[in-house]
Amino acid sequence: LALVETIHVRTIASFPEGFGQYGGVDDDDGKGGPTINMPNLLRSWYFPALGGFLYGYDIGGTAMVLEDLTSAKYSDTTWYFAMSQSSTLQGVVVAMVTLGAMIGSIAVFRFESALGRRREMLVAAICYTVGGAAQYYMGDDSISEGVAISGMCLARVLYGFGVGFAMHGAPSYIAETAPSTLRGSMVAAKEAMIVIGMLSGYCIGAACQDSVGAWRYVYLAEVPMGLMFGWGVYTLPPSPRWLALKGERVAAESSLKFVMPTLDKSQVEALLGEASDKQEHLEGNKSPSEGSAETNEFSITGAIGELTATRAARAGLKAGLGLVVLQQITGQPSILYYVDTIFNEVGLGNSATIGLAVWKLFCTMIAVRYADDRGRRELLFAGCALMGVALLSLTVVTTGVFGSSGTAYEWCILGSMFVYIGGYQVGFGPVTWTIISEIFPLRQRGKALSFAVFTNFACNTIVSFGADDLLAFSLPFTFALFFLLDVYAVYFVYGNVPETKGLTLEQITMMLERFAEMPMRQPIKTDEGETKGFLPRRDSAAILGAFEDMQGVEVTEEEDNSDYGTSTNTRRS
């Protein structure tokens, strides 16, 4: 509902001429942007977002049924005893989805260019459906212990393989299909679907608890949802940007008009021309040391060269990977681990877990509503501020200054953790995925995003495995460390993450070229040459305008001292 309301508000607002995705295209009342086919726009978001829903559903469902899997009374399997005797085995079974997602991300890195976003999601749908059915089947009491445990692990690896493909294909497809003034909200809403999936998994898992063999139906439910995901994606056209990159201009135009049917020829050419021609321009302006990013056959060195082929690619990679790493090392897996421990200590049980999921969803919808109004950077700063306050509070409370036990102590910790989780869901949670879906140049986007997805799951795994030992070592030290990392995250965002709201994907690429060489603060000069202030280099409109001004300056061969001829006169202009 929040997404639909956001679309309604922003489609009746005017698109600034030359700045929004389709500036100057008026609707019937002369105020708005192009006519948007609302059913097709929602389809192009909803069906890809189901890939995130199924990922979240498995997280929530597995968390709820794990206790029944180890129960002699409710498991109804031949392998419940092995599970009940080994917490390591329980952890391995749960972690197989993350392992599969990492493997899937590596596969996407290799094949994304040939497959495209739509076929990536179709692969994910197959993995979800088969993986869910296999997990259900492994609960049959006629299967031997060794076969069932091995089969369960392999089924979850297959399911995770689908997660790796879905977490790459879905945000890419939504970002490359949505109008620029809605892109942030729509990608953030896809992240909200992960939380909705978790909430659904918690609820269905709770309903199946304490019933003989009922845990299997939690996984059986993944089959029809996976089929729906696959059918829905099959009915969508391929991504227009991917088609343009492949040179299929007619099909790309048709894909663009799937959402915005009133685009005329010149507007379509403006977008599709930017999608390929500007990328070729950037590739042609590489320095000799950058080499060629294009190879006929895949190789690791060639792929790495492609990821760093241009200044825009390097700037995007630094911003995107930095956010992905900071998203994990600022403590999110550890906080979730610890909050579950507190829930158990105060006897809140399933109701608190479900309530936490509702709180996460509420906070994520704030990001959905304001990602395109307030901007990505503002949400990141707000989220980091809330996380910082919560972590500082946790650091002080856990030192024992106000006591180290009792109801007040536990509720103070719970309150701080809810603030932390709220900040994470407003900022890092949805906004990181929004930025990494849009900040990479078109030619590098597929591989860069798959690398970011792999990095996300790898960092999550490392931090999750270290959470127990780190918290056991010292609670104040752990929370203080996360607080310092949160402070660094603010510094990193300030200096390395530009604002991208309202820009087309192609404008973001051109902006990054300029962004990569600008100082932290750009001096504003008067006509007399005096400095009257400073312009932060994160101001996307100013950066883009400076880039376009620079591109329009005539530079003689003698003056050309760099990739873009930034001589003294050019820089002054």
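Could you tally the net charge around Ala107, taking each other residue with its Cβ under 15 Å from the Cβ of Ala107, Lys/Arg +1 and Asp/Glu -1? List each step's numbers first, then the result.
Values: positive: Arg110, Arg117, Arg119, Lys447; negative: Glu112, Glu120.
So the surrounding residues net to +2.
Rounded to the nearest 0.05, what FRET efficiency do Val250 and Ser86 give with R0 = 56 Å and r taken as the Cβ-Cβ distance? Could you check?
Values: r = 58 Å, r/R0 = 1.03.
Once the sixth-power term is evaluated, E becomes 0.45.
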Ordering Thr364, Thr35 by the accessible surface of their heavy atoms, 1.4 Å probe, largest first, yields Thr35, Thr364
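Please compute the length gained on full extension between Thr399 and Arg374, using 0.36 nm multiplied by the number of residues separating them and subtracting their Cα-Cα distance. Show your work: numbers first, answer last.
On the way: separation 25, 0.36 × 25 = 9.00 nm, distance 3.70 nm.
Roughly 5.3 nm would be gained on extension.
Using a/c under 1.5 as the rounded threshold, could you call region 194-261 rounded, prolate or oblate? The axes a ≥ b ≥ c are square roots of the C-alpha gyration tensor eigenvalues, and prolate needs a/b larger than b/c, oblate otherwise.
Working: a/c = 4.55, a/b = 3.56, b/c = 1.28.
The shape class here is prolate.
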Distance from region 371-385 to region 71-108 (C-alpha centre basis), Å
37
Cα gyration tensor of region 41-168, axes a ≥ b ≥ c as square roots of the eigenvalues: rounded (a/c below 1.5), prolate (a/b > b/c) or oblate?
prolate
Whole-Hz ³J(HN,Hα) for each residue in region 176-181, computed from phi via Karplus 6.51 cos²θ - 1.76 cosθ + 1.60 with θ = phi - 60°, x for glycine and proline: what do you get?
7, 10, 6, x, 4, 6
Work out how far the C-alpha atoms of region 386-481 reach from end to end along every principal axis, then list the three figures in whole Å, largest first.
56, 26, 17
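Which net charge results for the neighbourhood of Leu512, defined as the other residues with beta-carbon distances under 9 angstrom from its beta-carbon, given Lys and Arg at +1 and Asp and Glu at -1?
Details: positive: Arg311, Arg314, Arg514; negative: Glu513.
For residues surrounding Leu512, the net value is +2.
How would you classify region 461-517 from its alpha-carbon gyration tensor, with a ≥ b ≥ c the square roots of the eigenvalues: rounded for a/c under 1.5, else prolate if a/b is greater than b/c, otherwise oblate?
On the way: a/c = 4.28, a/b = 2.81, b/c = 1.53.
Judged from the Cα gyration tensor, region 461-517 comes out prolate (a/c at least 1.5, a/b above b/c).
For region 48-138, give the magnitude of the charge dipole about the Cα centre (Cβ charges: +1 Lys/Arg, -1 Asp/Glu; no others), in debye to the nearest 20.
Working: 5 positive and 6 negative charges, 71 e Å.
Dipole about the Cα centre, nearest 20: 340 debye.
The values are calculated or read from the model by the stated rules, or taken from the named source; none is laboratory data. Quantities reported herein were computed from a predicted structural model and do not represent experimental measurements. FYI the Cβ positions are ideal-geometry reconstructions off the backbone, even for glycines, and counts take in every protein chain you see. Note: areas computed on protein heavy atoms with side chains; ligands, DNA, RNA excluded. Shrake-Rupley method; radii C 1.70, N 1.55, O 1.52, S 1.80 Å.
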